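A quick write-up on the structure given underneath.
Read-outs throughout are calculated quantities, based only on the coordinates presented, and are distinct from any laboratory measurement. None of the values given here were measured: they were computed from a predicted structure. Here the Cβ is made from the backbone with ideal geometry for all residues, glycine too, and neighbour counts use every protein chain on show.
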Amino acid sequence: MFLKGKVLFSLVSALMVAPVGSDAQTPVEKATLAGGCFWCMVHPFESLDGVMEVKSGYTGGHMENPSYRDVVSGKTGHVEAVQIIFDPSKTSYSEILDLFWRQIDPTDPGGQFVDRGNQYATAIFYHSEGQKRTASKSRDLLDRSGTYDKPVVTEIRAFSRFYDAEAYHQDYHKKDPMGYRQYRSGSGRDQYLSQIWKGTPPQAAVPKRSAYRKKTDDELRKILTPLQYRVAREDGTEPPFDNAYWNNKDQGIYVDVVSGEPLFSSLHKYDSGTGWPSFSKPLVPENIVLKEDRSLFSVRTEVRSRHGDSHLGHLFPDGPPPKGHRYCLNSAALRFVAEEDLAKEGYGEYTEFFGD
């Protein structure tokens, strides 16, 4: 999918449609929108003036009270969606739709970005005939704008019922900023939006990181690759000399792929000849947990992250002086943050370690 020329348009100015669906007794409206993974669809709308609440949930299907596992199976007919409660005197339905289009790929009928299946399809669920007319006009204008080289396929459907998602899915960008950042980038969403909207996808900014935490298996299966999951959660080991960081010589820090907590630095990385990334000491010792490991008919010292509880690798006594430590780690359990990206990624306090 590529941007045709330099065509940008504003649905806000083009759609002069009166607010719909409100009355004197209830001066608020609801907008229900499906844009793939609902984690990425909450934060963009929260900053709009007049938006009072944004919830993640499920809608459009036939099963009552579905769980996350039910929906991701693709057998319920439901899609992941958000429901936005807003004051139409401050933000119009047209403005909400304008922002909605700028968060998704409306030409993809099979899901969104890395998430495939009908449970991740895009859709607008109208709450009134007025919303239906506004949504149809909005979609038609987008389709004719020349922004995409494929037709816009986002469905416009009548709203029936919205089921709130589980508590850990609500406001995920606040509960786990690093996981949210990692998912947006890893899914390809941010890269696509930057390409289409000239490098400035609205509301794609990520809040500053907060306390690191362990994630549920459901969250991890969405965030991690199968290899990352096997290593970090099932104590696996990746092949030597065939992993992301064994020979990485760039300057920066290595953080836990699960929690984002800082663990090791390139300043303490050395070539151990083993084919795995090796470090003489941690960057943040308090984020490292050592445990006795009696698997493989031997006694070894396992290295885990404190907050993410990820299996990182093992500690051996054959490292460089003065302490002789070799933290032998799996690349799949780590994420590298380059020196020039530290401040942007929320690790600005570590830039002072990398002087000229």
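Things worth noting here:
- With both labels modelled 7 Å from their Cα along Cα-to-Cβ, the residue 251 to residue 281 distance reads 2.0 nm.
- Each label was represented as a point 7 Å from its Cα along the Cα-to-Cβ direction; for residue 353 and residue 234 these points are 3.2 nm apart.
- Distance between modelled label sites at residue 294 and residue 166, nm, 7 Å Cα→Cβ extension: 3.3 nm
- Three-way shape call for segment 263-356 based on the alpha-carbon gyration tensor, with the a/c threshold at 1.5: prolate
- Helical contribution to [θ] at 222 nm, DSSP H n ≥ 4, -39,500 (n - 2.57), averaged over the chain, rounded to 500: -6000 deg cm²/dmol
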